[in-house]
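The values are calculated or read from the model by the stated rules, or taken from the named source; none is laboratory data. From a predicted model like this one, the values you see are computed outputs, not experimental measurements. Cβ placement follows ideal geometry from the backbone for every residue including glycine, while neighbour counts extend to all protein chains displayed. Side chains are part of the model used for accessible areas, which takes the heavy atoms of the whole protein and leaves out ligands, DNA and RNA. Shrake-Rupley method; radii C 1.70, N 1.55, O 1.52, S 1.80 Å.
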Amino acid sequence: MEALRKGAERSPAPSEGGALVFIGFMGSGKSTAARSVAAELETEWLDSDHELERELGEPLEAFFDREGEPAFRAREEEVVLRLLSRPDARVVALGGGAVQSPRVQQALARHTVVHLDVAIDDAWRRSSGQGRPLARDLAGFEQLHRERWPLYESLADASLPGSGREVARRALPAVLALRERAPGGSRLLWAAAESAEYPVFVGRGLLAAGFFHPLDGRRFVVTDEQVDRHHRIEAEERIVIMAGEEQKTIFRAEFVLRHLAQSGAERGDLLVALGGGVVGDLTGFCAAIYQRGMRYVQLPTTLVAQIDSAYGGKTGVDLPEGKNYVGAYHQPAAVITDPAALDTLAPEDLAAGYAEVVKTALIAGGPLWTRVRHRGEVDEEIIVGCVRTKLAIVAEDERDAGRRQVLNLGHTIAHAIEAATGYGRYRHGEAVGIGLLCALRLSGREALRREVGELLAARGLPLSFWGAGVDDVLAAVERDKKKRGGSVRFVLVEAPGRVSFGHEVELADVRAAVEEVHDR
């Protein structure tokens, strides 16, 4: 997104006069959020709609209906530019359409812009029947929402759910951390699940800048020997394990837990996962059970972790009988994602992460799938798109009771391949790529299967497996931890963006799909 590319153009530090500016669609709660944040900061807040109405001397809708939208936007632009140039501006709420002005967009560059992202249903419920000129027709309202959303996101430094004062108030420490301590061009997304909410920081250079959040509590870092050679963060203790999926075991968890106990770690401290999915899953699991639960922060350094495994609170370790058979749901206190960490990865590791990118893009459909299918490089925009997709699904279903199961696309057979080959032959992403081909075969989507195969092959990913027999993989499928009522259900694809879960599939069809990717 454009906001991620601005980098040095932004100068949001308070000493340079940057304000917190709330933008968003009608009904997103900008005025309510600005008022709440201003009270928390013990400062005044400004509202462009209120100021414009005061200057016009009549309701905004009356002027809009009489003079038309072009005249309204011209007057609005004058007011907004004046507010944004005020040296005493600290918290500002803008009207929903104000950001369409190129001059306003330019003026926003020196401020910290917070997009309140409101769902269309909520926006319509809050806005219709309130005299708003652009909220009188649902079809037009929806179209306007679709048109404006990319603009809001391109301008935003932080994106929060559009639900008013409480989220904005709770997110304020993270927004201030972004403004005051993060490198220019960094982004803040807000993750919300039923049990917890937390900030996600995405930005190149976060690790090099020593950025961390939250700042309270001692830090106990868990990492692996490969990551430890490239990345160090300030910490009370460092616990270094060997690299590889084989380390994600009960025995390695005991090693970490005992180290914490011997070091005097307390529940108020922070466990920090610095590494890929193995380190993240293991560290999160230890945090979930140490002294019945402590906080932890994810610092993902692999592509798989940066787009998928670091978010959503799934933690766990493997058993010989199955992957992630022992675990807990435990949401992190924060996720800090630095794409620069990917520069240290071997090409094979980057390629393995790409399989998860393809999976996520198939689930999301729309612009993310379009970008991925055209074989664009994985940049901050794709990372943010993948993170958004996962966060939205987890917000709807934290514990795999429904919608979250679509994230297992390709994983049932992938996990079986990993287990059947002893967790040492294939990287997780490599197995996921093969599992995706099986899922698309089971979905009866041969053209899409060929296209996905071409995407995977272009990155050097394997399209078949060896090292275990078909029967070994099918036996591992039957032990899948997501099994319900004695049967394994599959995630299938109708089309990109139309992915569904809970499908029973004939064993003969599963066998045929696995045989097709078995390298004899």
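Remarks
- For the range 208-228, the set of residues classified as hydrophobic (A, V, I, L, M, F, W, C) and open to solvent by less than 30 Å² (accessible area, probe 1.4 Å) consists of PHE211, PHE212, PHE220, VAL221, VAL222, VAL227, listed by residue number.
- Hits in the range 236-247 - residues which are open to solvent by less than 80 Å² (accessible area, probe 1.4 Å), over 11 Å from VAL317 (Cβ atoms) and not in a loop (DSSP other than H, G, I, E, B): GLU237, ILE239, VAL240, ILE241
- Lone qualifier among ALA431, ALA447, ALA419, ALA401 - being closer than 17 Å to THR360 by Cβ and of a type outside the set (Ser, Thr, Tyr): ALA431
- In the range 427-448 there is no residue matching the filter, namely being at pLDDT 95 or above, out of contact with any helix residue (DSSP H, G or I) (no Cβ under 9 Å at 6 or more places or on another chain) and within 26 Å of PRO332 (Cα to Cα).
- Looking only at the range 318-352, and only at residues there that are acidic (Asp, Glu), under 22 Å from GLY385 (Cα atoms) and in contact with a Ser or Thr (Cβ under 9 Å, 6 or more places away or on another chain), the one that is most open to solvent (accessible area, probe 1.4 Å): ASP349
- Only one of the listed residues (ILE250, ILE233) is open to solvent by 60 Å² or more (accessible area, probe 1.4 Å), touching a residue at least 24 places away in the same chain (Cβ under 8 Å) and out of contact with any Asp or Glu (no Cβ under 8 Å at 6 or more places or on another chain). That residue is ILE250.
- Taken residue by residue, the range 375-398 has no member that is of a type in the set (Gly, Ala, Ser), modelled with pLDDT of 95 or more, open to solvent by less than 40 Å² (accessible area, probe 1.4 Å) and in contact with a Phe, Trp or Tyr (Cβ under 9 Å, 6 or more places away or on another chain).
- ILE417 fulfils the conditions (1) in a loop (DSSP other than H, G, I, E, B); (2) open to solvent by less than 20 Å² (accessible area, probe 1.4 Å); (3) closer than 22 Å to PHE501 by Cα except for a single criterion, (1).
- Residues satisfying the stated conditions in the range 115-137, i.e. more than 15 Å from GLY96 (Cβ to Cβ) and part of a helix (DSSP H, G or I): ASP121, ARG125
- Residue satisfying condition, being of a type in the set (D, E, K, R) and within 24 Å of PRO199 (Cβ to Cβ), within set ARG90, ARG66, ARG75: ARG90
- The condition of being in contact (Cβ under 8 Å) with a residue 60 or more places away in the chain and within 25 Å of ILE307 (Cβ to Cβ) does not hold for ALA457.
- Some residue of the range 464-477 being open to solvent by 70 Å² or more (accessible area, probe 1.4 Å) and of a type in the set (A, V, I, L, M, F, W, C): yes
- In the set LEU271, LEU257, only one residue is in contact with a Ser or Thr (Cβ under 9 Å, 6 or more places away or on another chain), within 23 Å of VAL326 (Cβ to Cβ) and touching a residue at least 24 places away in the same chain (Cβ under 8 Å); that residue is LEU271.
- Selection status of GLY433, of a type in the set (Gly, Ala, Ser), open to solvent by 60 Å² or more (accessible area, probe 1.4 Å) and touching a residue at least 24 places away in the same chain (Cβ under 8 Å): no
- Scan of the range 283-306 for residues that are in a helix (DSSP H, G or I), of a type outside the set (Gly, Ala, Ser) and out of contact with any strand residue (DSSP E or B) (no Cβ under 6 Å at 6 or more places or on another chain), ordered by number: CYS286, ILE289, TYR290, GLN291, ARG292, LEU303, VAL304
- Qualifying residue in the range 276-283 (condition: closer than 16 Å to HIS330 by Cβ, touching a Phe, Trp or Tyr at 6+ places or on another chain (Cβ under 7 Å) and free of Cβ contacts under 8 Å to residues at least 40 places away in the same chain): no
- Among residues of the range 24-70, those that are touching a strand residue (DSSP E or B) at 6+ places or on another chain (Cβ under 8 Å) and among the aliphatic types (A, V, I, L, M), counted: 6
- Unique match (being in a helix (DSSP H, G or I), modelled with pLDDT of 95 or more, over 16 Å from the mean Cα position of the chain (by Cα) and buried (at least 24 other Cβ atoms within 10 Å of the Cβ)) among ALA355, ALA361: ALA355
- Any hit, the range 91-99, residues being open to solvent by 50 Å² or more (accessible area, probe 1.4 Å) and out of contact with any His (no Cβ under 8 Å at 6 or more places or on another chain): no
- Residue match in the range 51-59 (condition: under 25 Å from PRO87 (Cβ atoms), open to solvent by 20 Å² or more (accessible area, probe 1.4 Å), of a type in the set (Asp, Glu) and not in a helix (DSSP H, G or I)): no
- Residues that are of a type outside the set (Asp, Glu), open to solvent by less than 40 Å² (accessible area, probe 1.4 Å) and either assigned to a helix (DSSP H, G or I) or within 13 Å of GLN291 (Cα to Cα) (or both), drawn from the range 258-271: LEU260, GLY264, ALA265, LEU270, LEU271
- Given (1) within 21 Å of GLU356 (Cβ to Cβ); (2) in a loop (DSSP other than H, G, I, E, B); (3) modelled with pLDDT of 95 or more, index of the condition LEU492 fails: (2)
- Count of the range 486-520 residues which are more than 29 Å from THR389 (Cα to Cα) and either exposed (fewer than 14 other Cβ atoms within 10 Å of the Cβ) or not small (Gly, Ala, Ser) (or both): 11
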